[in-house]
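To start, the structure itself, in C-alpha cells.
The values are calculated or read from the model by the stated rules, or taken from the named source; none is laboratory data. Everything quoted here is computed from the prediction, not taken from an experiment. We place every Cβ from the backbone using ideal geometry, glycine too, and count neighbours over all the protein chains shown. SASA here: full protein model, heavy atoms, side chains in, ligands and nucleic acids out. Shrake-Rupley method; radii C 1.70, N 1.55, O 1.52, S 1.80 Å.
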Amino acid sequence: AKSAGRRTVIFFDERMQRQADKRLKMNNDLRNALNNQELMLYFQPQHLVSKGSLIGAEALVRWKPEGKNIVSPDQFIPMAEESDLIIDIGMWVLDQSFMYMAKWQEMGLTLPELSVNVSAKQFHHPDFVEQVEEIMNRYSLETARFNLEITESVVLGHAEETVRKMEQLKEAGLRFTIDDFGAGYSSLSYLKKLPVDELKIDRSFICNIPRDTRDMAIVEAVLAIARHLGYTVTAEGVETPQQLEFLRKQECSFYQGYLASKPLPADAMARYIAKYQKQ
Ligand code: C2E
Ligand code: CA
Ligand code: CA
Ligand code: CA
C-alpha cells in the first residue's frame, strides 16, 4: 500500500508538472499573439425585441494561433486575467472596437451601438480611465455609441473606486452595462450605487425558457426592477422563437443570441449591417 501511495504521488507530480508546462507555454504563446496579430474581434448582432431592427453588437475576442484552431475566450481570458496580459488585450479590444466603428462609418454603414467587455483587473488598473480617454480622443466617434460591459465582480470590494471611474467615463459620454446580471455576486445595493444604463440578463436564465417557470419568474422580476430604475435590458443567449416571444410579452428591450446570429467576423458583420440598413 505504501509503495502504491508513493507511485500515486509521483504520477500526480508529473501530471501537475505537465499541466504547469502547458499553461506556461500557452501564456507565452498568448503574450506573442498580440504582436503576431493572432487575435481577432468577432461581432454578435443585437436586435430590438419589439421590431427586430439591428441596434448594435457585442465585440467578442478570438485567438487563432498559427496552424491551430480558434481558441475560445473562455479558455484564454481567465489565464490572461491571472497575469497582466488582460490589460494589453483589453486595450487592444477597445482600440479595435473604435477602429471598426470608424471604418464601417466611412463605408456608409452605421451600427448604432457597440458593447465591449471590460474585465475587473483591466478596470481597476490605475491608468484605465486615461487609456480609454486616449482611445476616444484618437477616433472622432460619438462616445455614447459605446457601451462598456462590466460584471458584478468589478464592484466587489472596490465599490467607491468603481463608482468614481464609472462617473468619469460617463462624463466622457460612455455607457455602462452590468453583464451576466444575476449570475454572479448580485447585490441590489450595488445596483443602487452604480451609474448603470443597462442590465444584461445572463444566458443561464434564458436557455431553459419556457420549460423552467422559475427562470421565467426571475426574468420577469429583473425586467420589473430595470423598468422601475430606468435601465434598458438585453437578454443574451436567445436561441428559440418561443424565448423571443416571451421577451416580447415581458417588454424586454434588446436581445442577442443564435436565433438572430452567431458572433461574426468583421467582414460578415459589415454585410449584416448593410443588409439591415437596406430594409
Ligand atoms: P459573455 O460576455 O457572456 O459573452 C456571451 C457569450 O455567449 C459569447 O461566447 C457568445 O458567443 C455566446 N453566445 C451568444 N449567443 C449565444 C447563444 O444563443 N447560445 C449559446 N450557447 N451561446 C451564445 P464567447 O464569445 O465564447 O465569449 C465567452 C466569454 O469570454 C464572454 O462571455 C466574456 O466573458 C469573455 N470575453 C469575450 N471577449 C472578451 C473581451 O474582449 N474581453 C474580456 N474581458 N472578456 C471577453
Ligand atoms: Ca459580455
Ligand atoms: Ca454576458
Ligand atoms: Ca454569459
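Dimensions of segment 106-207 from C-alpha coordinates, computed as largest minus smallest value along each principal axis and given longest first, are 41, 35, 21 Å. Accessible area of R271 (1.4 Å probe, protein heavy atoms only, ligands and nucleic acids ignored): about 150 Å².
Using a 1.4 Å probe on the protein chains only, how many percent of the accessible area of segment 29-101 belongs to carbon and sulfur?
Its accessible area is 45 percent carbon and sulfur atoms.
Can you give the direction-averaged projected area of the convex hull of the alpha-carbon atoms in segment 186-238, in nm²?
3.6 nm²
Measuring nothing but alpha carbons in segment 158-247 and taking Rh as the Kirkwood radius, the Rg to Rh ratio lands at 1.02. Heavy-atom accessible area, probed at 1.4 angstrom with all protein chains present, ranks C252, C207 as C207, C252, highest first. If you take the Cα centroid of segment 231-279 and the Cα centroid of segment 70-124, the two points sit 20 Å apart.
For S115, the residues 5 or more places off, or on other chains, whose built amide H falls under 5 Å of its own are A57, E58, A59, N147.
With contacts taken as Cα pairs under 8 Å and at least 6 residues apart, the chain reaches a relative contact order of 19 percent.
Could you grab the relative contact order for segment 1-157? Cα pairs under 8 Å, six or more apart, rounded to a whole percent.
Across segment 1-157, relative contact order equals 19 percent.
Between 0 and 90 degrees, the angle of helix 85-106 with respect to the longest Cα principal axis of the chain falls at about 30 degrees. Close amide H contacts of S253 (hydrogens built in the peptide plane, cut-off under 5 Å, sequence separation of 5 or more or a different chain): V233. Pairs over the 20 Å Cα-Cα cut-off, from the set K25/K68; K51/K249; K249/K275; K121/K192: K249/K275; K121/K192.
Here segment 17-161 is described by how far its Cα atoms reach on the three principal axes: 53, 43, 33 Å, from widest to narrowest. With all protein chains in place and a 1.4 Å probe, the accessible surface of segment 151-279 carries 51 percent carbon and sulfur.
Taking each DSSP H run with n ≥ 4 as -39500 (n - 2.57) and averaging over every residue of the chain yields -16500 deg cm²/dmol at 222 nm.
Residues of segment 223-257 with an amide N closer than 16 Å to a point placed 7 Å from the Cα of S53 along the Cα-to-Cβ direction: 253-255.
Eigenvalues of the alpha-carbon gyration tensor of segment 124-279, scaled by 5 and square-rooted, set the equivalent ellipsoid semi-axes at 28, 23, 13 angstrom, largest first.
Using a cutoff of 8 angstrom between alpha carbon atoms and counting only pairs six or more residues apart, the relative contact order for segment 19-59 works out to 27 percent. Excluding ligands, DNA and RNA, the accessible surface per residue across segment 145-227 is 47 Å² with a 1.4 Å probe. Semi-axis lengths, largest first, of the ellipsoid equivalent to the chain are 33, 25, 21 Å, with √(5λ) applied to each eigenvalue of the Cα gyration tensor.
Take every DSSP beta bridge whose two residues both sit in the chain, then give the antiparallel share in percent to the nearest 5. Close to 40 percent. A viscosity of 1.567 mPa s and a temperature of 4 °C, combined with the Kirkwood radius over Cα pairs in Stokes-Einstein, give a translational diffusion coefficient for segment 116-169 of 110 µm²/s.
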